[in-house]
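Working notes, beginning with the structure itself.
The values are calculated or read from the model by the stated rules, or taken from the named source; none is laboratory data. Predicted model, so just to flag it, every value in this text is computed and none were measured. No Cβ is skipped: glycine too gets one built from the backbone with ideal geometry, and neighbour counts run over all protein chains shown.
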Amino acid sequence: MPSDIRIYQDQMVALLRQIYPQPIELVAEWRSITTIPNVYSPRLDIAVGPFSTVRGGNRIADYDDLMRESQSFIETLTHYHSRNITHFGEDRFSYPTDLPLFNVLMRHNQNARCFIAVEIENDVTRKHLLGGALNASALGRIGIAIGWSEKKVIALVRLREYWNFLASVNKNTFNTANLLILSPTQFRSAIESASAE
């Protein structure tokens with residue numbers, strides 16, 4: 001019997017199809033590196049293509065087009081993310097920017113492996129939470145970390161603040177400007193709203 005998360009993944013892939021029709025690829029459990037042996041290959045819970053998997057190739061123009069075509073959906077996602085950051089965090093260490101979040105997403109991680117990378121975090125340790133968030137941000141033009149419970153949403157917000165704190169004191173860190181933190185309900189609601197337009 002499939003787990004609740006697997007059922008949710010499949011439902012979200014089906015709903016996302018209404019926003020991103022064929023030939024755009026939508027995959028649950030997408031493996032990011034399949035052509036290089038003996039290399040760590042993160043497996044995303046949900047990935048929206050097109051996929052950039054050819055060495056030396058990129059899909060920057062395709063991702064730019066998809067950003068513009070689904071701007072309303074993306075802005076709904078950023079609204080929920082901002083609400084979570086405000087509600088659960090202090091946002092003391094954000095990267096300075098004068099741009100709206102949509103424009104930040106448009107310019108960040110341009111040479112991503114996929115358009116949207118989603119990781120769903122449930123019963124995992126903080127170290128696994130860190131890895132999932134990093135993978136979503138590194139692999140997607142838009143990275144989405146879904147905290148399965150409010151406790152996991154809070155943990156993801158705190159992780160983001162930690163990375164931003166490290167940047168604020170000139171330490172090695174990971175730029176998470178493209179990482180959106182959502183609950184499962186918020187992600188579903190954003191998809192359903194965009195599908196109704």
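Worth a mention:
- For the stretch 177-195, the set of residues classified as closer than 30 Å to residue 165 by Cβ, among the hydrophobic types (A, V, I, L, M, F, W, C) and assigned to a helix (DSSP H, G or I) consists of 187, 190, listed by residue number.
- Residues being among the polar types (S, T, N, Q) and without any contact (Cβ under 8 Å) to a residue 24 or more places away in the chain are represented in the stretch 125-146 by at least one member.
- Contacts under 6 angstrom Cβ, first residue in the stretch 26-50 being closer than 12 Å to residue 10 by Cα, partner assigned to a loop (DSSP other than H, G, I, E, B), 6 or more apart: none
- Residue within the stretch 41-49 that is in contact with a helix residue (DSSP H, G or I) (Cβ under 6 Å, 6 or more places away or on another chain), at pLDDT 95 or above and not hydrophobic (A, V, I, L, M, F, W, C) present: yes
- Of all residues in the stretch 126-146, none are crowded, with 16+ Cβ neighbours inside 10 Å, of a type in the set (D, E, K, R) and under 22 Å from residue 88 (Cα atoms).
- Identity of the residue in the stretch 29-58, crowded, with 18+ Cβ neighbours inside 10 Å and among the small types (Gly, Ala, Ser), that ends up nearest to the chain's Cα centre (by Cα): 47
- Some residue of the stretch 101-117 being over 21 Å from residue 63 (Cβ atoms), surrounded by fewer than 20 Cβ atoms within 10 Å (Cβ to Cβ) and either free of Cβ contacts under 8 Å to residues at least 60 places away in the same chain or among the charged types (D, E, K, R) (or both): no
- The helices (runs of 4 or more DSSP H) falling completely within the stretch 55-174 that include 3 or more residues that are closer than 19 Å to residue 45 by Cβ map to 71-88, 126-139, 150-168.
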